[in-house]
1. Among DSSP bridges having both ends in the chain, what percentage is antiparallel? Round to the nearest 5.
2. Among 59-66, 40-47, how do they line up by average Cβ neighbours within 10 Å per residue, starting with the highest?
3. Restricting to bridges with both residues inside segment 13-138, how much of the DSSP beta-bridge set is antiparallel, in percent to the nearest 5?
4. Pulled fully out, how much extra length does the chain show between LYS170 and ASN209, if you take 0.36 nm times their separation in residues and subtract their Cα-Cα distance?
5. Kirkwood-based Rg over Rh for segment 146-275 (C-alpha set), two decimals?
6. List, in order, the whole-Hz ³J(HN,Hα) value for each residue of segment 145-159 obtained from phi through the Karplus relation with A = 6.51, B = -1.76, C = 1.60 and θ = phi - 60°; use x for Gly and Pro.
7. Let me know the shape class of segment 97-143, please: from the alpha-carbon gyration tensor, a ≥ b ≥ c as square roots of the eigenvalues, rounded when a/c is under 1.5, otherwise prolate if a/b is greater than b/c, or oblate.
8. Under 17 Å Cα to Cα from LYS192, which aspartates and glutamates show up? Leave out anything in the same chain fewer than 8 places away.
Amino acid sequence: MKTKTSNKNKINTSILIGSGKGGVGKSMVSANVALGLASRGLKVGLLDADIYGPSQSHFFNLPERTGATEKGSIIPHEKHGIKILSMGSIVSKDKPLIWRGPVVHRALEQLTKDVEWGEIDILIADIPPGTGDPLISLTNILKPSGSVLVTTPQNTSINDALRSKSAFDKLNCEIIGIVTNMSGYFDKSQDKILPLFPNAINSFASKNNLKIIGEIPFDPLIAQTCESGSPYLSDPKNLQNDIWQKVITNILEFAEKKITENKNKNRIGNLEIID
Ligand SMILES: Nc1ncnc2c1ncn2[C@@H]1O[C@H](COP(=O)(O)OP(=O)(O)OP(=O)(O)O)[C@@H](O)[C@H]1O
Ligand SMILES: [Mg+2]
């Protein structure tokens, strides 16, 4: 595909954040992982690849429209030091997208390649639920170095996470680990975190040889910050949170080697997306 971008685009590595199940917190985790990695000094891009139900435009309170260069390539928004592109800033909120697979593929290709990303260390892709066309297209286009599985801890959600795991395996996309979201809630009267759902995550992780890289509790502040335009980790105070630091450190350790390797490679052509 011919790109319209300037020749400065270079995405050194990319990571998919997904899960088979809808509503388990993929977008919330993607937003905060992007912010957390930026706080550690990485140049970060966040691609809201959920073309049917974009969330990042809402989470970051992005303007309705993105800008474009003279050549017609998209200029991503910049918020809290990260570059963000969301379908929510491209199509009207009230316009349903009824697209077949090839159109989805072309749209994702455009959202990835016809964008003025500049040189970034890591692109975090928030992917839609399920294991269909968008996942296949994105792995094809980005050739991500890894993925993170987000799930809530009960079997209803884990069954879908297992499907995602199999899909990532088939697509040769290494799984960095599992983030268990809504792993519990803080009970003030007992001054401790209590379970929200029956917890089946440990046996799922050990059976499938997967690492649990973080357990995020249900936290009204997380929900509130998703609504306020400034996600949880955009507040430096919340960056002190050990639970989130563990998630960020695990992803950073995985990504750092890839980033260094790719930074030293020569640029070829207009755009390089390196795994
Ligand atoms: N740990 C949490 N504590 C409180 N609220 C949360 C937490 N995780 C997610 N939420 C809230 O739950 C809602 C759903 O989360 P999110 O949009 O990230 O899920 P998703 O998996 O991306 O959904 P979809 O499949 O529709 O893309 C959001 O409004 C978010 O603010
Ligand atoms: Mg989402």
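1. 20
2. Packing order, densest peptide first, comes out as 40-47, 59-66.
3. Of all bridge pairs located within segment 13-138, approximately 25 percent are antiparallel.
4. Going from the current span to full extension adds 12.5 nm.
5. My calculation of the ratio gives 1.04.
6. Values per residue, Gly and Pro as x: 7, x, 9, 10, 9, 10, 8, 7, x, 8, 4, 3, 7, 5, 4 Hz.
7. Since a/c reaches 1.5 and a/b is larger than b/c, the shape of segment 97-143 is classed as prolate.
8. Partners found: GLU215, ASP219, ASP242.
Every number in this text was worked out from the coordinates using simple rules, so none of it is lab data. In this text, all values refer to a predicted model and were calculated from it rather than measured experimentally. Heads up, the Cβs are rebuilt from the backbone with ideal geometry, glycines too, and the neighbour counts pull from every protein chain shown.
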